[in-house]
Amino acid sequence: MVFAFESGKKACGYPLCLPWKEPRLKRSNRPETTKKSRIIVLQWYQLIFELIDMRSFSNLWYWIVLTVVWSSASQWVLGVPFDMISRAKRDGGQAQEDLETIVRIKVSRLLNIVKTSGMWMVGFTAFLFAVLVLLAFEYKIEFAQAVLFLFAPMNLLFFLSIRTASLIQQGENQGVALNRRLMMHRMTTQLIGMISILVTAMFGMYQNVTIGALG
């Protein structure tokens, strides 16, 4: 009787096995679970590649970055917030003294960086610019084109900042002359930004139409 009981044992070790204890049923559920997990992973990959799209001109994130970059460049004049300039121009007194102090610090720091590592910066910038131009217009890589339309105007803005800092250090570092120089720098920055955004938008629309027409 004992041997009969033992011979009648199921795979779980007992005469009667609960349904979820059957190894056969367990194994049959594994492929379905694995398939579902693979589908979830593929969906995440698809979402990531949609957010980070190499076709930059048709990607919303590129235009958001372009807008934020130029908005920040217009808001911060030589590293000084524009509301501080407006308050100094309107109220004078202590606000003007604070503005002159922070501008003197920012100008000295910028010119010192240019003096100590200017040649290295120019060489690296020229190399990077040449690489971007080659990838953008020789190999027709859209990502390089998008980066180039950000990189080139920002370098122009950097050289403009160096010129403004030099003029401030040479004498336009107080009162009305300082305020006028900072406002002119901001207006020039806004002009460069508007032209850059316009040219980038026109080129981006051309790229989207061309790629869309060619399929």
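The values are calculated or read from the model by the stated rules, or taken from the named source; none is laboratory data. None of the values given here were measured: they were computed from a predicted structure. Cβ sites come from the backbone with ideal geometry, for glycine too, and all protein chains shown count toward neighbours.
Residue-by-condition table, conditions (1) surrounded by 13 or more Cβ atoms within 10 Å (Cβ to Cβ); (2) in contact (Cβ under 8 Å) with a residue 40 or more places away in the chain; (3) outside any helix (DSSP H, G or I):
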{"residue": "ILE168", "(1), (2), (3)": "yes, yes, no"}
{"residue": "ARG181", "(1), (2), (3)": "yes, no, no"}
{"residue": "ILE192", "(1), (2), (3)": "yes, no, no"}
{"residue": "ILE197", "(1), (2), (3)": "yes, yes, no"}
{"residue": "GLY204", "(1), (2), (3)": "yes, yes, no"}
{"residue": "VAL209", "(1), (2), (3)": "no, no, no"}
* To do: For residues that are of a type in the set (Lys, Arg) and under 23 Å from VAL133 (Cβ atoms), tally how many sit in region 151-208.
  => 0
* Asked: Looking at MET121, is it out of contact with any helix residue (DSSP H, G or I) (no Cβ under 9 Å at 6 or more places or on another chain), closer than 30 Å to ARG104 by Cβ and of a type in the set (A, V, I, L, M)?
  -> no
* Asked: Yes or no: ARG38 surrounded by fewer than 10 Cβ atoms within 10 Å (Cβ to Cβ), at pLDDT below 95 and of a type in the set (Lys, Arg)?
  -> no
* Asked: How many residues are buried (at least 16 other Cβ atoms within 10 Å of the Cβ) and under 27 Å from the mean Cα position of the chain (by Cα) if we restrict to region 91-114?
  -> 5
* Asked: What about MET121, is it of a type in the set (A, V, I, L, M) and under 17 Å from the mean Cα position of the chain (by Cα)?
  -> no
